[in-house]
Amino acid sequence: MHRRSIVLCGAALALPVRAQAPGAVWRLASGYRAESFHTENLRAFAQAVNSAAAGALRIDVHPDNRLEPLARIFTAVREGRIEAGETIMTSLTGELPIAGADAVPFVVASYADAQRLWALQRPLIERQFAARGLVPLYAVPWPPQGLYSRRPVTDATDFRGTRMRTYNPTTVRIAELLGAEPVDVPMVQVGEALRSGRIDSMITSAVTGVESAVWEHIGHYHEINAWFPKNIVFVRRQAFEALDTRLQAAVRTAAAEAEARGWRLSEAVASTSTQTLRDKGMTVSRVPARVDTALKRLGEKFSREWVRSVGHEANEIFVPYYLQSPR
Ligand code: PCA
């Protein structure tokens with residue numbers, strides 16, 4: 001009898017805490033591949049949260065459009081079909097024009113610039129996400145956007161009548177301004193679209209070119225450093241506020257670490273990927289000066305249109321951004 005109660009007592013003590021109260025689960029959807037540096041970072045974020053939560057919360061990352069396609073992730077979280085998600089901010093400009101600040105061409109020229117821009121954009125994003133019942137957790141940029149083409153670009157008119165792959169309203173507008181036909185292709189289908197000849201050119205990062213093994217289909221990458229678009233990770237406020245304050249703080253800490261780590265990763269893959277494009281036989285170059293000037297002019301036109309669409313909030317970002325500019 002005595003022995004039996006000791007055994008029972010020992011068993012009770014050995015029970016993990018988590019078995020007593022089932023923890024929350026956040027399904028976090030991403031539209032990018034499992035091997036993407038963004039997803040790698042996302043998994044590290046989830047692991048950090050999961051171990052800090054000791055069973056009270058588990059974040060499950062679902063990459064590759066498997067849970068929701070990229071274009072629907074924002075709405076799915078907002079409407080409560082899933083708890084959390086990652087999306088590219090510039091895909092939100094239809095509803096949140098301010099989210100497009102990081103895709104205005106030729107404003108940001110370096111990771112340091114991109115950080116300054118994010119510091120100014122963040123409070124506005126926090127406000128607008130909050131108004132939709134969402135809590136932004138962290139944002140990480142893609143490497144700078146370059147121009148891929150089948151032939152070397154010698155003149156801005158080269159694009160007239162060609163098909164340019166687009167992934168957001170910015171790239172659609174740039175294609176239009178260049179006289180090209182915009183063709184919407186999700187990132188995971190870029191390789192296939194090039195192979196089948198559905199697109200002739202595109203503006204995206206070196207790492208996206210590497211992930212899609214584009215050298216099999218296209219020969220030229222021009223480093224135009226057009227913009228640094230960011231992915232943002234966010235959660236429903238209801239799910240976040242259901243956590244106790246200690247756990248909310250743990251999520252915030254893991255998010256801040258993920259943001260810092262993600263920016264470092266992005267900068268590292270920016271240079272390794274450009275090197276990979278070269279190693280695979282692609283020609284990596286700048287565009288000729290007159291093309292550069294023409295692109296900058298298009299960028300200015302785009303930027304005027306964007307400021308007009310956003311209104312006074314654009315000034316809250318761009319006025320201090322330019323005043324703080326070291327150049
Ligand atoms: N890759 C993503 C977004 C920006 C980038 O560098 C894409 O091409 O869809």
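Points worth noting:
- With neighbours defined as other Cβ atoms within 10 Å of a residue's Cβ, the residues Val108, Val135 order from fewest to most as Val135, Val108.
- Dipole check for the range 276-327: with +1 at the C-beta of Lys and Arg, -1 at the C-beta of Asp and Glu, and the Cα centre as origin, the magnitude is about 340 Debye.
- Loop GluC sites (Glu not before Pro), the range 56-142 (other Cβ atoms within 10 Å of the site Cβ: 15 or fewer; DSSP): Glu79, Glu95
- Taking a Cβ cut-off of under 13 Å around Thr274, the surrounding Lys, Arg, Asp and Glu residues balance to a net charge of 0, with basic ones at +1 and acidic ones at -1.
- Springs between Cα atoms under 10 Å define the GNM used for the chain, and in it the highest mean-square fluctuation of Ala119, Ala76, Ala180 occurs at Ala119.
- Each residue of the range 53-67 was assigned a 3J(HN,Hα) from its phi angle through the Karplus curve 6.51 cos²θ - 1.76 cosθ + 1.60 (θ = phi - 60°); the sequence is 7, 6, x, 6, 8, 10, 9, 9, 8, 10, x, 6, 6, 6, 8 Hz, with glycine and proline shown as x.
- Restriction of the trypsin sites (Lys or Arg not before Pro) in the range 148-251 to DSSP coil positions whose beta-carbon has at most 12 other beta-carbons within 10 angstrom yields Arg160.
- Taken over the C-alpha atoms, the range 211-327 has Rg and Dmax values of 20.1, 58 angstrom.
- Annotation: amide H-H contacts under 5 Å for Leu134 (H modelled 1.01 Å from N, sequence separation of 5 or more, or interchain): Arg237.
- The chain: Cα Rg divided by the 2.2 N^0.38 Å rule of thumb: 1.13
- Counting only DSSP beta bridges whose two residues both lie in the chain, roughly 55 percent are antiparallel.
- Positive-end residue of Val190, Val291, Ala130, charge dipole of the chain with Cβ unit charges: Ala130
- Remark: the Glu313-Arg246 segment gains 20.7 nm on full extension, using 0.36 nm per residue and subtracting the alpha carbon distance.
- Computed over the alpha-carbon atoms, the range 221-273 gives an Rg to Rh ratio of 1.16, Rh here being the Kirkwood radius from the mean inverse distance.
- Along its principal axes, the range 60-138 has C-alpha extents of 36, 27, 23 angstrom, given from the largest down.
- Under the combined filter of DSSP loop state and at most 12 neighbouring Cβ atoms within 10 Å, the range 29-80 retains these trypsin sites (Lys or Arg not before Pro): Arg66.
- Integer Hz, Karplus 6.51/-1.76/1.60 couplings in order for the range 306-321, x for Gly and Pro: 5, 4, 4, 6, 8, x, 5, 5, 4, 5, 4, 9, 6, 4, x, 4
- Contour excess over end-to-end distance, with Cα ends at Arg198 and Arg290 and 0.36 nm allotted per residue: 30.3 nm
- Using a Förster distance of 35 Å, the FRET efficiency for Lys301-Ser110 (Cβ separation, nearest 0.05): 0.90
Any read-out appearing in this document is the output of simple, stated calculations on the displayed coordinates, not a laboratory observation. Owing to the predicted nature of the structure, the values given are computational and were not obtained by experimental measurement. In this analysis, Cβ positions are derived from the backbone assuming ideal geometry, glycine residues included, and neighbour counts consider all displayed protein chains.
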